[in-house]
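Chemist: Here it is, the structure, as structure tokens.
The values are calculated or read from the model by the stated rules, or taken from the named source; none is laboratory data. All values reported here derive from a predicted model rather than from experimental measurement. Please note: Cβ atoms are built from the backbone with ideal geometry, for glycine as well, and neighbour counts cover all protein chains shown. Protein only, heavy atoms only, side chains kept; ligands, DNA and RNA dropped before computing areas. Shrake-Rupley method; radii C 1.70, N 1.55, O 1.52, S 1.80 Å.
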Amino acid sequence: VNCVCPGPVDTPVGDALPAGQKEAIFDRLRRTLPARRVGSPDDLAAAALFCMTNGFLTGTTLRLDGGATVI
């Protein structure tokens, strides 16, 4: 079993935040994350596809967090 463990991802769920709050949070993340960006649904899809198609990958947690775990 493998799993994808996402960090901050720009999805419509964040649109429920008060006006400007989502962008303020994402701007702070862009400044502090080593990747200098927030994840996208396409990033998660690519990681899930990798986990499903690599027959040698097993027992792995793939962290997609823009480098948040290293800072």
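Chemist: Amide H of Arg63: which non-local residues (sequence gap of 5 or more, or other chain) have their own amide H closer than 5 Å, using H built in the peptide plane?
Modeler: Distant-sequence amide H within range of Arg63: Cys5.
Chemist: Now for a separate question. Between Lys22 and Arg63, how high is the FRET efficiency from 1/(1 + (r/R0)^6) when r is the Cβ-Cβ distance and R₀ = 30 Å? Nearest 0.05.
Modeler: 0.85
Chemist: Related question: For Cα Rg over 2.2 N^0.38 Å, one of [x] 1.16; [y] 1.25; [z] 1.04 was computed from the structure I shared and the rest are decoys. Which label?
Modeler: [y]
Chemist: May I ask which residue of Thr11, Thr61, Ala46 lies farthest towards the positive end of the charge dipole of segment 7-71, with charges of +1 (Lys, Arg) and -1 (Asp, Glu) on Cβ and the Cα centre as origin?
Modeler: Result: Thr61.
Chemist: Same structure again: Treating the beta-carbon of each Lys and Arg as +1 and of each Asp and Glu as -1, no other charges, what is the dipole magnitude of the chain about its Cα centre, to the nearest 20 debye?
Modeler: Working: 7 positive and 7 negative charges, 52 e Å.
Approximately 240 debye in magnitude.
Chemist: Taking only Cα atoms, what is the 0 to 90° angle, nearest 10, from helix 41-53's long axis to the longest principal axis of the chain?
Modeler: 10 degrees
Chemist: Turning to a different aspect of this structure: Tell me, what is the FRET efficiency for Cys3 and Arg36 to the nearest 0.05, using R0 = 22 angstrom and their Cβ-Cβ distance as r?
Modeler: Result of the calculation: an efficiency of 0.30.
Chemist: Ignoring everything except DSSP H segments at least 4 long, calculate the 222 nm mean residue ellipticity for the chain; use -39,500 (n - 2.57) per segment, divide by total residues, nearest 500.
Modeler: -11000 deg cm²/dmol
Chemist: Using Cα atoms only, what is the angle between the long axis of helix 21-32 and the major principal axis of the chain, expressed in degrees (0 to 90) to the nearest 10?
Modeler: 60 degrees
Chemist: Hey, any idea what % of the chain's accessible area is carbon plus sulfur with a 1.4 Å probe?
Modeler: 62 percent
Chemist: Could you do me a favour and compute the accessible area per residue for the chain, 1.4 Å probe, result in Å²?
Modeler: Working: 4910 Å² over 71 residues.
It amounts to 69 Å² per residue over the chain.
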